[in-house]
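Take a look at the structure set out below.
Every read-out reported here was derived from the displayed coordinates using simple, explicitly stated rules and does not represent laboratory data. All values reported here derive from a predicted model rather than from experimental measurement. Counting neighbours? That spans all protein chains shown, and the Cβs are built from the backbone with ideal geometry, glycine included.
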Amino acid sequence: MTVRIAMWSGPRNISSAMMRAFENRPDTSVSDEPLYAHYLRASGLHHPGRDAILASQPTEWKTVVRSLTGPIPGRASVWYQKHMTHHMLPMVGRAWLSRVRNCFLIRDPHEVLASYVKRRPEVTIEDLGFPQQAALFDHVCDHLGRVPPVLDARDVLENPRRALTALCDAIGVPFSEAMLRWPAGPRDTDGVWANHWYDAVFGSTGFAPYRPRPRDYPPALAHVAEAGEKIYARLWAHRL
């Protein structure tokens with residue numbers, strides 16, 4: 001049996017640590033934000049390392065989707081695909097979502113914003129992916145006829161074993177102890193943007209204990225986090 005996991009998250013949401021946990025499994029291959037180059041080309045946005053990102057991946061979403069629904073790399077039985085919800089621009093087809101096991105990783109928007117502004121001081125709620133995550137969640141619910149797995153970042157950090165066991169049970173793969181610890185440092189599977197965003201992940205060997213993050217962002221940006229509160233609360237109510 002093969003399993004393709006599409007984990008839908010916003011930025012600054014332990015998404016790279018989750019990718020590390022799955023990559024450390026002996027049965028799993030991972031892909032790091034495969035729609036990023038398409039997103040940058042189609043949106044025209046200037047993110048750190050834009051030119052390198054555009055050169056590193058296909059920029060046509062149909063090409064990316066054909067790969068994501070094709071053979072699993074490395075003869076693995078599990079394919080963990082780390083996705084950013086804001087990369088799913090309106091022109092990207094949704095039919096392929098029925099061929100992967102969609103999961104949603106959420107985090108308090110105030111904590112997300114406090115982390116994000118340290119890298120990009122100009123930010124909108126769309127940059128954090130909350131509206132796009134809600135739309136994808138609703139789409140998957142409508143087409144599945146049931147609620148897909150939702151995992152809260154705080155729950156993972158407070159008890160990684162319990163949270164990851166619940167996730168594995170929900171997607172039909174056995175939990176592996178290897179998911180709890182991994183070697184420090186970069187990976188060949190990291191996107192070329194890793195040097196701009198992954199410093200904490202490079203130094204990690206497992207999930208760090210949860211510590212509340214102060215609302216350390218400019219007061220003028222408070223409305224951005226507030227715009228994500230209702231979306232976060234709605235998905236949080238369905239968390240594993």
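Values as computed for the structure displayed
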quantity: Global geometry of the chain, whether rounded, prolate or oblate, following the gyration tensor of its Cα atoms and the 1.5 cut on a/c; calculated: rounded
quantity: Kirkwood-type radius of the range 166-238, with distances r between different C-alpha atoms, in Å; calculated: 16.1
quantity: Two-site FRET efficiency, residue 139 against residue 237, from Cβ-Cβ distance with R₀ of 22 Å, rounded to 0.05; calculated: 0.75
quantity: Volume in Å³ per residue [convex hull over Cα atoms, computed for the range 118-240]; calculated: 145
quantity: For the range 3-236, share of DSSP beta bridges that run antiparallel, in % to the nearest 5; calculated: 5
quantity: Estimated inter-spin distance, residue 62 and residue 202, nm [label 7 Å along Cα→Cβ]; calculated: 3.8
quantity: Where labels lie 7 Å past Cα in the beta-carbon direction, separation of residue 51 and residue 215 in nm; calculated: 4.1
quantity: Cβ-derived FRET efficiency at R0 30 Å, residue 146 paired with residue 99, nearest 0.05; calculated: 0.95
quantity: Net charge, residue 177 excluded, C-beta distance under 11 Å - Lys, Arg +1, Asp, Glu -1; calculated: +3
